[in-house]
Structure formats: structure tokens, C-alpha cells
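Since the structure comes first, as C-alpha cells, the remarks are kept for the end.
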Amino acid sequence: MAGSGSYYRRVSARLILVCALLPACSFAFVKEPSDAMLRQQAPLACTSSRALPVTDLAIGALLGGLVFATTYAAVEEINDECAGGSCYRPWGPALIGTFLVVSPWWISSAVGFSETHQCRKAARARTGP
């Protein structure tokens, strides 16, 4: 079909944009194999591509780095104004903030990798050793 490549690129670009703005992209779009699919009683219709879990992982890493750097710099700026021993250590707040921001993306990524692994495993079982 003529022009189908540009259609798929547009759809992929929109999906990546949605994933960038929406935490847990893998939760929303990755489909795991059902029990009937695993027992080979139903056609295999699950997600085998690791693109969405990798996207969740990369977005989480990028946002985590940004949050860590911003929080660390903000605490250091507060420390520039502190007197005596009342300064804060920037590592704690930076790590906690990073963990809270990154968690939805990385949990979604882990679930997505697990579900795509199950789909690939089911596909290999159907084709034989």
C-alpha cells in the first residue's frame, strides 16, 4: 500500500508523544498473553515488541536525571545561605525526589518487559525448540 510507511511513522510519533507525557505507557499499551494463548488454545495476540518498555525506561531515566540535578542544585543553593552547622545534605532530598518521579515509569517498564517476555516465550513454544 502506497504511503503506509508515513502513516506508521505518524502513528509511532504520536504514540511516543503520548508515552512521554503519560507515565506507565507499558501498562496501557502492552498486552500479555492469556492463559488460553499459553495453552495454545487461542491465537497468539500479545505484544512481543520491547519498544514501549524501553521507552518507559528511557523516559524515567531522563526525568530522574533532571529531577536529581534540579533538586541537588536547589539544596546546594539553600546551603549557600546557611550559617554554621544548619546546612542540608543534598543527596537525601535529591534521591527521594528522583525515586518518587521515576517509580511509575520504571515499574511500568518492568511489567512491560515481563509481559513481552511471556509473549515471546509463548511464541517460541508454538514454533518448537
**Prompt:** Has the stretch 38-52 got any residue that is among the basic types (Lys, Arg) and modelled with pLDDT under 85?
**Reply:** yes
**Asked** With respect to the numbered conditions (1) more than 14 Å from the chain's Cα centre (by Cα); (2) assigned to a loop (DSSP other than H, G, I, E, B), which one is the sole condition not fulfilled by Ser49?
**Response** (1)
**Request:** Return a yes/no flag: does the stretch 98-118 have any residue that is among the acidic types (Asp, Glu), within 15 Å of Cys25 (Cβ to Cβ) and either in a helix (DSSP H, G or I) or at pLDDT below 85 (or both).
**Result:** yes
**Prompt:** Which one is surrounded by the fewest Cβ atoms within 10 Å (Cβ to Cβ) among residues in the stretch 79-123 that are farther than 26 Å from Ala45 by Cβ and of a type in the set (A, V, I, L, M)?
**Reply:** Ala83
**Prompt:** In the stretch 52-73, is there at least one residue being assigned to a loop (DSSP other than H, G, I, E, B) and not basic (Lys, Arg)?
**Reply:** no
**Prompt:** In the stretch 48-58, is there at least one residue being acidic (Asp, Glu) and touching a Ser or Thr at 6+ places or on another chain (Cβ under 7 Å)?
**Reply:** yes
**Request:** Confirm whether Ser26 is buried (at least 17 other Cβ atoms within 10 Å of the Cβ) and modelled with pLDDT under 85.
**Result:** yes
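The values are calculated or read from the model by the stated rules, or taken from the named source; none is laboratory data. Quick caveat, the model's predicted, so the values are computed rather than measured. Cβ sites come from the backbone with ideal geometry, for glycine too, and all protein chains shown count toward neighbours.
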